[in-house]
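Engineer: Take a look at the following structure, please.
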Amino acid sequence: MAINYIYPDYEIARNQDRCINCRVCERQCSNGAHEYIEDLNKMVSYDEKCVNCHRCVALCPTRALKIVKSGHTFKENANWPGKIINEIYKQAESGGVLLSSMGNPESFPVYFDKMLINASQVTNPSIDPLREPMETKVFLGPKPQKIERDEKGRIKKVLPPFLTLSMPVMFSAMSYGSISYNAHESLARAAEEVGIYYNTGEGGLHEDFYKYGKNTIVQVASGRFGVHPDYLAAAAAIEIKMGQGAKPGIGGHLPGTKVGPDVSRTRMIPEGSDAISPAPHHDIYSIEDLRQLVYSLKEATNYQKPVIVKIAAVHNVAAIASGIARSGADIIAIDGFRGGTGAAPTRIRDNVGIPIELALACVDKRLRDEGIRDNVSIVVGGGIRSSADVVKAIALGADCVYVATAALMALGCHLCRSCHTGKCNWGIATQVPELAKRLNPNIGYKRLVNLMNAWKHEIEEMMGGMGINSIETLKGNRLMLRGVGLNEKELEILGIKHAGE
Amino acid sequence: MREGTFRNLSGCAISGIFSKSGKRFSGQKIIDSIAVMHERSNGLGGGFAGYGIYPEYKDYYAFHVFYDDSAAKKDCEDFLDSHFDIINLSKIPTRKIPEITDEPLIWRYFVSPLPTKLADSQLDEREFVVRCVIRINTVIDGAYVFSSGKNMGVFKAVGFPEDVGRFYRLDEYEGYCFTAHGRYPTNTPGWWGGAHPFSLLDYSVVHNGEISSYDANRRAMEMYGYKCTLLTDTEVITYIIDYLHRTKGLTFKEISHVLAAPFWTTIESKPREEREELEFLRHTFASQLLTGPFSIIVGFEGGMMALNDRLKLRSMVAGEKDDMVYVASEEAAIRIIQEDLDRVWSPKGGEAVIVTLKEGQI
Amino acid sequence: MRRVYVNEEWCLGCHLCEYYCAFANLNGRDLARTLKNVRINPRIKIEERNGISFAVSCRHCDEPLCRKGCITGAISISDGVITIDRDRCIGCYTCILSCPYGAVSPSDEGPVQKCELCTKNIYGTPQCVTGCPNAAIVYEERW
């Protein structure tokens, strides 16, 4: 190309006074953004290759590097921001669909940030979690509908299959293939240690990780990759993936370059072949078909395991969830439009779906209105960033949340949103062995455990402040929330009052 | 402002007296007891529940109703006429005293469901009555049924409880069980319906506390068809008890393990059989767990249950003398009516005191 | 005793250990100031070929060949750490020849140098371990 239309968004700023030419930046950049020039005895940078992942910044021993926003700008135009102009240039050049990774970065409202949590004052004592028991244990699954007694009048303690969690957070689906072996190992080991669950995603379960089965949710998606009887048997629960918040209505595509020997064996597809998940399940064209798959999976596992149905938060999510709740599903997972992805068409990611807060509020309300809320648990993901978001989601009516982006950040992810290139410098979203080894699971799992423990402490503090010492009484306790800066309609949908009311 | 338009938090005094042999005693005793705890109320609500007080009408539901005006009374009586046989109706006898003012119209009806209506509804009799009560309270403007059990009645008003007792001439009633409530709300309600006890059928609840689980409990109960119109803890607790006892068939001991469930660490330390039962109850009735401070006295046909929250964040003392059992927020409220007690104790958080009539009594 | 071990599986070949080693043994306070325009001569070195890399430094053998070979008695073991008496060392390099791991090397000043677990610099604990970004170099007890 003789003409380069695009000037880099970010520049690598090197403090030459501090640079000692150790070349760690050069060795660590899979994009080739740094180079040592022998003649000059100097490091130079190539801004156009930089994805702003901060690997070099984090490893530079002298803090000689930082990444800054380039000052370059187009003539200001409220209708044509630079991002859109650049996208036009890219498409004019490539003729292709724009690809992006991770969650929707656009400036849509974040409702979690417009809700505030209550605390006790005077009439009701707050509870100190350091001095009193504070319970965050959660069960996921349907509640028994009938109380039956034996001939001696004792209650028959028969419970439908359920999951037990030490805290209401799980690691959501990320497939082996989209993320590395080491990332999966970190998630599995952390889930085991914390007493929660991680999710295999649609890429099957690596044979090494069967031992973490009791903390594993296995996914059955439209591509059916890696699904076989042992896979189902190994898991604590099975998730049918109908949709994903980052790309509702479309399937997945793992490029053949990521399908090495291990991924190939785990997914049960030929090495080097593209793994393409169809947009719909081709055996599910309606709700009654979903019921058949739910019961097929239950049959296959002897009715021993709860079945989760995961959907993207779309416009009529409440009606869809209501249908799912009547179709044998034990748990409904709803993924909001902020949810992450290893690769999605940019236009889909940034323009399809609805916020998880609103989806959760309306699904919880609909299921209660129809008297079927006890039939299912609700798990929400796609936009949970902190323990405060967890507390707010539970108060809105969720049983539990799914986190993935936050978990990846604990593993080193800097949200450079370049997963689709397969060259993740942090060893997470890559199958290149030299890159994947950068994530040492011995370190990674501990960081995940730390994150979960930290959140648990914070959740306990917030619960104690509200005078709540058991998380089940926070569930759906919407009086514990107040809105700020929300209009009547938003408050109505969220089912909360405005601050001051 | 009325209860139901806002959430009214309150601190309170409670007291309960129960005769295990079913010996009936005068309502004056419970007035004497609750009067000792005058300081725990602020004159914004007081009330009583008496059991065994209508032996001559014991087979009929006794509806106590507040009316704002005679139009509401007419609407309500039309409804009652079309759904029930009204065996007897009268104004509830009261005594004019300066401490109690702004009284609504207060009427009492002894009723029995119309057999045809009941058969048409395909409901069991008690469910039919519950639905009718909820219907009146939510649909008929200005009418409020505040007592609907058999051989029992609730008497409540805005005022100090001892004045409310005198107003309702409680000394003229005799029963085997009385409970009482003195209210200390943080807001100023002007409506008698908001006072305690709250009751449905023969279940009545007096409550001192403020549950932090309120909205979780309310939303769960509304899913089962209850309408929490008053937005008070007592209302939702009564509905939970009705649901667990009448609909789900739990015993009061089991109900206490739902309302004030033991901590998981405690449950894990129990022998297998007990552990499994506690786990089952906590798991199944997670939405009926109450957190935050409370002490409640639940009256029901033939029994009484007193229960503290799991951390015992509110005071509650129990005492025993012969066949009499006493429970109150303060020991003084027991001593004033029975100086010489066989046993006095402070029940632990979550440990229910449940007393029932001896076999064959009443 | 605790020794420095290398987990080759996790070595990224980033060479940071070499820089932290050099910096520590120059008793530096600010890495940029200490190492700016300095050609480093670290006591730990990365060996790499065909995509495999790992760090090599003294293993603090129980029966060290370097000590056996030392003609002046400059090499001794104190609390398990093989140390060099720089006043005694005459720079004959016999130790360098006898070490099977290549863990002893000439220093810039004359006497030989080798890893002494940072016991003789201001840091006191092995800085290659602290500085390794992937826990490929660890300081631990192994049996």
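Engineer: Quote the charge dipole size of chain A about the Cα centre in Debye, to the nearest 20; the model charges only the Cβ of Lys and Arg (+1) and of Asp and Glu (-1). If you can, show how the numbers build up before the last one.
Structural biologist: On the way: 58 positive and 54 negative charges, 94 e Å.
That gives a dipole near 460 debye.
Engineer: Identify, among A:MET452, A:ALA333, A:ALA343, the residue whose Cα sits farthest towards the positive end of the charge dipole of region A:167-498, taking +1 on the Cβ of Lys and Arg and -1 on the Cβ of Asp and Glu, with the dipole about the Cα centre.
Structural biologist: A:ALA343
Engineer: Once you keep just the Cα pairs under 8 angstrom separated by 6 or more residues, what percentage relative contact order results for chain B? Walk me through the numbers before you get to the answer.
Structural biologist: Details: 868 pairs, mean separation 94.1, N = 362.
Taking the mean separation of contacting Cα pairs over the length of chain B, I get 26 percent.
Engineer: Across peptide C:24-36, how many C-beta atoms of other chains are within 10 Å of each residue C-beta, on average?
Structural biologist: Numbers: counts 0, 0, 0, 0, 0, 0, 2, 8, 10, 4, 2, 6, 8.
Mean partner-chain Cβ count within 10 Å for C:24-36: 3.
Engineer: For labels at A:ARG447 and A:GLU207 in the simple 7 Å Cα→Cβ model, what's the distance in nm?
Structural biologist: 3.0
Engineer: For region A:457-497, divide the Cα radius of gyration by the Kirkwood radius and give the resulting Rg/Rh value with two decimals.
Structural biologist: Details: Rg = 12.1 Å, Rh = 11.3 Å.
Across region A:457-497, the Cα-based Rg/Rh ratio is 1.07.
Engineer: Compute the projected area of the convex hull of the Cα atoms of region A:183-242, averaged over all viewing directions, and report it in nm² to one decimal place. Kindly include the intermediate steps, with their values, before the conclusion.
Structural biologist: Working: hull surface 14.6 nm².
Across all orientations, region A:183-242 yields a mean hull projection of 3.6 nm².
Engineer: Let me check the size of chain B from its C-alpha atoms; what are the radius of gyration and Dmax in Å?
Structural biologist: 19.3, 60
Engineer: Please compute, for peptide B:260-270, the average count of beta-carbon atoms on other protein chains lying within 10 Å of each residue's beta-carbon. Don't skip to the answer; put the middle values down first.
Structural biologist: On the way: counts 0, 3, 0, 7, 5, 2, 1, 0, 0, 0, 0.
So the per-residue partner count for this stretch is 2.
Engineer: If you don't mind, another one. Over region B:86-232, consider all pairs of different Cα atoms and compute the Kirkwood hydrodynamic radius from their mean reciprocal separation; express it in Å, one decimal.
Structural biologist: Numbers: mean 1/r = 0.0588 Å⁻¹.
Taking every pair of different Cα atoms in region B:86-232, averaging 1/r and inverting gives 17.0 Å.
Engineer: Okay, next question. Going from the alpha-carbon gyration tensor of the protein assembly as shown, what semi-axes, largest first and in whole Å, does one get by taking the root of 5 times each eigenvalue?
Structural biologist: On the way: eigenvalues 952, 221, 133 Å².
Equivalent ellipsoid of the protein assembly as shown: 69, 33, 26 Å, largest first.
Engineer: So, one more: For region A:10-96, what log10 I(q)/I(0) values come out of the Debye formula at q = 0.11, 0.19, 0.25 1/Å, with one point per alpha carbon and no solvent?
Structural biologist: -0.40, -0.86, -1.19
Engineer: Given contacts defined as C-alpha pairs under 8 Å and at least six residues apart, what's the relative contact order of chain C, whole-number percent?
Structural biologist: Taking the mean separation of contacting Cα pairs over the length of chain C, I get 35 percent.
Engineer: Which of C:MET1, A:MET462, A:MET102 has the fewest other C-beta atoms within 10 Å, and how do the rest follow up to the most? List each step's numbers first, then the result.
Structural biologist: Details: C:MET1 10, A:MET462 22, A:MET102 25.
Taking fewest neighbouring Cβ atoms as first place, the list is C:MET1, A:MET462, A:MET102.
Engineer: Here's a follow-up. What Kirkwood radius, in Å to one decimal, follows from the Cα pairs of region B:80-154? Before the final figure, lay out each step's value.
Structural biologist: Values: mean 1/r = 0.0716 Å⁻¹.
Kirkwood hydrodynamic radius for region B:80-154: 14.0 Å.
Engineer: Here is a further query. Mind putting together the pair-distance distribution for region A:154-273? All Cα pairs, 10 Å bins, whole percent per bin, short to long.
Structural biologist: Reading the bins upward from 0: 13, 44, 31, 8, 2, 1, 0.
Engineer: Also: If I take the Cα coordinates of region A:423-469 and project them onto the principal axes, what are the three extents in Å, biggest first?
Structural biologist: Between the extreme Cα coordinates on each principal axis of region A:423-469 lie 50, 18, 11 Å.
Engineer: Is there a quick way to get the dipole size of the protein assembly as shown? I mean about its Cα centre, with the Cβ of Lys and Arg at +1 and of Asp and Glu at -1; what is the value in debye to the nearest 20? Provide the component values of the computation, followed by the final result.
Structural biologist: Values: 116 positive and 121 negative charges, 478 e Å.
It comes to approximately 2300 debye.
Engineer: For a quick protection proxy, order the peptides A:442-452, B:12-22, A:144-154, B:269-279 by their average other-Cβ count within 10 Å, most packed first. Each step should come with its number before you reach the end.
Structural biologist: Numbers: A:442-452: 19.5, B:12-22: 25.0, A:144-154: 9.9, B:269-279: 13.6.
The densest-packed peptide leads the list: B:12-22, A:442-452, B:269-279, A:144-154.
Engineer: Same structure, new question: Treating cross-link reach as a plain straight distance, find the lysines whose alpha-carbon is under 16 Å from the alpha-carbon of B:LYS156, omitting any fewer than eight places away in the same chain.
Structural biologist: Cα-Cα hits under 16 Å: B:LYS91, B:LYS96.
Engineer: Same structure, new question: Cα-based count: Lys pairs in region A:281-396 below 21 Å, eight or more positions apart or different chains? Mind showing how you got there, number by number?
Structural biologist: On the way: A:LYS298/A:LYS310; A:LYS310/A:LYS365; A:LYS310/A:LYS392; A:LYS365/A:LYS392.
Summing the qualifying lysine pairs gives 4.
Engineer: Just checking the output field for B:213-225: average partner chain Cβ neighbours within 10 Å of each residue's Cβ? Don't skip to the answer; put the middle values down first.
Structural biologist: Working: counts 12, 4, 12, 13, 3, 4, 11, 7, 0, 3, 9, 3, 1.
The mean count of partner-chain Cβ atoms within 10 Å per residue comes to 6.
Engineer: Pairs of alpha-carbon atoms within less than 8 angstrom and 6+ residues apart define the contacts here; what relative contact order does chain A have, in percent? Don't skip to the answer; put the middle values down first.
Structural biologist: Working: 1048 pairs, mean separation 94.6, N = 501.
Taking the mean separation of contacting Cα pairs over the length of chain A, I get 19 percent.
Engineer: Using +1 at the Cβ of each Lys and Arg and -1 at the Cβ of each Asp and Glu in region A:194-353, identify which of A:GLY260, A:LEU290, A:ALA233 lies farthest towards the dipole's positive end.
Structural biologist: So the residue furthest toward the plus end is A:LEU290.
Engineer: Relative to the Cα centre, what is the charge dipole magnitude of region A:10-96, using +1 at the beta carbon of each Lys and Arg, -1 at the beta carbon of each Asp and Glu, and rounding to the nearest 20 debye?
Structural biologist: So the magnitude is around 360 debye.
Engineer: Cβ neighbours within 10 Å, averaged per peptide: list A:481-487, B:161-167 in order, most packed at the top. Please report the intermediate quantities before stating the final value.
Structural biologist: Working: A:481-487: 15.4, B:161-167: 25.0.
Ranking, from highest mean packing down: B:161-167, A:481-487.
Engineer: Moving on to the next point. Taking Cα atoms of chain A, Rg/Rh with Kirkwood Rh, to two decimals? Intermediate values should be presented prior to the final figure.
Structural biologist: On the way: Rg = 24.0 Å, Rh = 24.2 Å.
Ratio value, two decimals: 0.99.
Engineer: Additional query: Once the mean 1/r over all distinct Cα pairs of region A:304-354 is inverted, what Kirkwood radius in angstroms do you read off? The partial results should precede the final answer.
Structural biologist: On the way: mean 1/r = 0.0824 Å⁻¹.
Taking every pair of different Cα atoms in region A:304-354, averaging 1/r and inverting gives 12.1 Å.
Engineer: In what order do A:TRP80, A:TRP455 fall by count of nearby beta-carbon atoms within 10 Å, going from fewest to most?
Structural biologist: Values: A:TRP80 12, A:TRP455 25.
Ranking A:TRP80, A:TRP455 by Cβ neighbours within 10 Å, fewest first, gives A:TRP80, A:TRP455.
Engineer: Please compare each pair in A:LYS143/A:LYS258; A:LYS69/A:LYS247; B:LYS227/B:LYS253 to a cut-off of 30 Å on the Cα-Cα distance and tell me which ones are over it.
Structural biologist: Details: A:LYS143/A:LYS258 42 Å; A:LYS69/A:LYS247 28 Å; B:LYS227/B:LYS253 26 Å.
Pairs exceeding 30 Å: A:LYS143/A:LYS258.
Bear in mind these aren't lab numbers, they're just calculated from the coordinates by the rules spelled out. The model shown is predicted, which means the values in this text are computed figures rather than measured ones. No Cβ is skipped: glycine too gets one built from the backbone with ideal geometry, and neighbour counts run over all protein chains shown.
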